[in-house]
Structures are given as C-alpha cells and as structure tokens.
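The values are calculated or read from the model by the stated rules, or taken from the named source; none is laboratory data. Since the model is a prediction, treat every value here as computed from it, not as a measurement. All Cβ positions, glycine included, derive from the backbone under ideal geometry; neighbour counts span all protein chains shown. All accessible areas refer to the heavy atoms of the entire protein, side chains included, with ligands and DNA or RNA removed. Shrake-Rupley method; radii C 1.70, N 1.55, O 1.52, S 1.80 Å.
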Amino acid sequence: MNVTSISAFEGIRGGMNQNCKDVYFIRLLGVDDLLISDVEKMDREMGEGMKSGRVIYRRMLSLPSGCCPDEITDYEGFYRAWMKRDKESVSTKALTDDAEYAALLANGLKRVLNIYAASKTVSASMEKNFIIKMLYWHDFVLKDLIKHWNPKQSVKIVLSNIEKKQEYLFTCLLTFLGCDILLLQSEKDISGEDEALGLSQKVIRGSFAKINLPAPAKKSVSEKDQTSAAKPVTAAKPVSTVKPASAAKPVSTVKPSAAAKSASTEEKSFEQLALLASSVVLIGIHDKKGDMLGTGSGIMIGTGGYILTNSHVASGGSFYSIRIEEDETVYSTDELIKYNSVLDLAVLRIEKRLRPLPIYSGKKKLVRGQKVVAIGSPLGLFNSVSDGIISGFRKIDGVDMIQFTAPTSHGSSGGALLNMYGEVIGISTAGFDNAQNINLAVGYESIHPFIKGFT
C-alpha cells in the first residue's frame, strides 16, 4: 500500500500474519507551505494516540553523532557477546531479559550488516564499529519502549534529514524490529547508491529548502535518560599533559609496511619533508551540540580513510572535523575505530582515499642527536613544520618515548615526528609548558602493533 502523506502515515497500521508484521518505510522529500503545520498536527494526534495506548510515537530531529569513548567499552562487550552467540542473540544497556526481542534484534543486526557489507569491503574493525553504532542508536531511540515490547504494538518513528549511510541503515534496522519509519527529508536526501537499495518509498512533497522543523512537543523519555546518564564532555587535553604509557614490551623488529618499503633510501631536504604535510591532518574536536572543544593533529596511515592520532585528542569528543591540506572539504566523522588511553593512541576514519605516511621499520636504532622534523597544527596553525634533534629516550610506565627538541605547542598532539627519510618514528603526545623544547612522542615500536590491519 502506498503512503503518500503525513496523515496517511499516521493512520496506517501493519497487520500480523504468521509472526510477520507489515511495516512502512517512507521518505518525504522537500518542503511546501503546509509541512510545518502537518508535522505539528501529527505530534498532537500521535500524542493523543499514545495516551489511549493506540500507538507508540517518537519524533526526533536527529540521531546522536556517536557514543563517547567511555561508553564504547560497554558496547564493545555487547558486540563480542553477539559474536560468541553466533549472532543469534544480543544484549544492550536497555535490553535485559527478553529473549524473544534479543533474538529479533540480533537477526536485524545480521540483515543490516549484510546490506552494509554488500556496498564495500568491510574489515573486522569496521564491522565492530558499525554494530556498536547500531546498538547505541537502538538504545537511544527505543530505550523505554522495549521494556514493554509487544510485537503487535504500532510503533512509529519519525526522523529528519537522514543522509549518511549508517544512519539510513539504522532506520532500516528499526523496520526489521517492526517500526514504521517516516523520514522528513526537507533539506536533503540519501545518496543515489542508498536509494538503489530499494528499502524505502520516496514521496516528493516539494523542493529542498532549509527550514526549522518544530521541535518535538515533549522530550521523549529515552532522550531524558540518555541526557542525564551521559558523562560530561571534557575538552581535549593539551599537549603539555604527559599521558601514562603502557607496560607492553617494545617491539624490537617489525615487518615494514608497503608504505614503508616505498620510502626513499636517501635523506630528504627540509623542503621535501615539508611537502609531507599533505598527509598530516588538523582535527577539530566537537561536543554533541557541534561546538568545538579544541584541536589536535593526526596522520594518514591507510588509504581506506584511517587516521592515527592521540587518545587524549579523541577522548573528549562526540564527533570530529578533519581538514586536509589543499582540500576545501571538511570531513565530519564519529568513527572512533580504536583507542588505547594507556598508549595514548587512537584511530579515526573518514570517507576518503588517503595518502598514508610510511612508518619507520626499525631497521636501524634511533640515536641521540639524530635530526627530526615535527609536523602538526599547534594552536590550530594548520600543518606547521619545525625541526630539531632527538634529545633522549624515556621509558614511562614501561613504554618507550622519544624526547625531541623540535618545537610543539597545544594542538600538536597526534602530529608526525619524522626522520630525515620521511618516515614516522613517533607521534607527538606531550610537552612541558614550563620547559624549553622538551617534547615527547610515542615511538614507532608502539605504533606498529596498534595500527596492524589498518595500513
């Protein structure tokens, strides 16, 4: 049955047949003069329907950009448990002891993961990150609904301006759970690639335009719970903060990556090394409202969009804006693929093919007095280049750190420390405000095992 209006979406209710439920997935494109009044009318009428128990209704202007690193650990545990159960059952923060719903959600995750994996090559890390995001959004949207879940209950979810593939696939997941979905695409629509999947019905209402859709009449219970439970977002720690390091033993020899093998065997000039700044990025750290908390740096480590930075750069953010030299596009991402707060390393991912820097293979021991170049964005000054020497080697909580004299400042964290062959020997991680040119970098011995699988 075609649903061509907001009022039709309100009134439709899918039937049940042999435990299969009819659901409706509609994209309403564009704006006309009656859109805002129709949305307000829907809020009122659906609110009355909720009071009478006829329907469960939730309208949200957006999905949260991503869970903070403190919550990732919990959802990683849910992912691992899902894998151990052969993907037949899953747990979440909101889901406790409903075996029937746990099996339904697990099956929905499998189905939506298959759709995601059919469009691109998906690594194990990408799969984990995708499922974590699905589970987090599931809890955000349905937290208070699944406590009294009834497969026959009419559940209607309305979202606005869904564009990213993972957000769109999440709304598809909701249909697998029995929810009717309406996407109010007033400003933009999904990509042609996603539309070709044939998951939703498109209804054109008017031309795209920027309008202020009315906020939901009453904040939903799940949103209240999420807000009160969320931990405060803290600004990224400055480069002057010395991070604790791991007790892991350093790797004495590592197999060079393909990028490392291609590195020049001749020393480069400072001018040549400065050109490598195109593979060092400026990272903006944003809170859930989009406000910028601080900036840091990162280096490209894999052509598939992988960026290595410090954990203390990434840990304070809900999402990140990535700027690349000589590229006018600002890449927004909430894909924190991996992090280790002890090593002070993290991997982010953006949707772009990158030119990775080679990581030093360890073929020759680093020595004091060896010339180095640091590239980063101190105080937000995009890709500043400075030179110095290795002034010492420090072991902090069991991890080897490189002490160097190339000047760095707040915002340099996550930037590249290069040898004269253009290879990354370390990632700038800390400095001391009250001392002159005493800076530390996490060494390549710790970097290699951490980024295995991304290069």
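Accessible surface for the range 19-92, divided over its residues, is 50 Å² per residue with a 1.4 Å probe. As a rough guide to protection, the peptides 367-374, 206-213 ranked by mean Cβ packing within 10 Å, highest first, stand as 367-374, 206-213. With protein chains left intact and a 1.4 Å probe, residues in the range 122-169 average 32 Å² of accessible area per residue. In terms of distances greater than 22 angstrom between alpha carbons, the cross-link table entries Lys133/Lys288; Lys165/Lys288; Lys338/Lys395; Lys93/Lys120 yield Lys338/Lys395; Lys93/Lys120. For the pair Ser7 and Phe208, the difference between a 0.36 nm per residue extended length and the Cα-Cα distance amounts to 70.3 nm.
Under the combined filter of DSSP loop state and at most 11 neighbouring Cβ atoms within 10 Å, the range 319-358 retains these trypsin sites (Lys or Arg not before Pro): Arg353. What does the charge count near Ile211 come to, summing +1 for each Lys or Arg and -1 for each Asp or Glu among other residues with Cβ under 11 Å from its Cβ? Residues close to Ile211 contribute a combined charge of -2.
Multiplying the residue separation of Lys84 and Leu381 by 0.36 nm and subtracting their alpha-carbon distance yields 102.3 nm.
Going down the list Lys147/Lys202; Lys371/Lys452; Lys21/Lys202; Lys84/Lys128; Lys87/Lys452, which pairs span over 24 Å between their C-alpha atoms? Where the Cα-Cα span goes over 24 Å, the pairs concerned are Lys147/Lys202; Lys371/Lys452; Lys87/Lys452. Here Ala99 and Ala124 are evaluated by their C-beta separation; at R0 = 25 Å the FRET efficiency comes out at 0.35. Given R0 = 25 Å, the distance between the Cβ atoms of Lys152 and Glu193 translates into a calculated FRET efficiency of 0.10. Placing R0 at 56 angstrom, the Cβ-Cβ distance between Lys452 and Asp33 gives a FRET efficiency of 0.50 after rounding to 0.05. Accessible surface comparison of Glu351, Glu163, probe 1.4 Å, protein chains only, largest first: the order is Glu351, Glu163.
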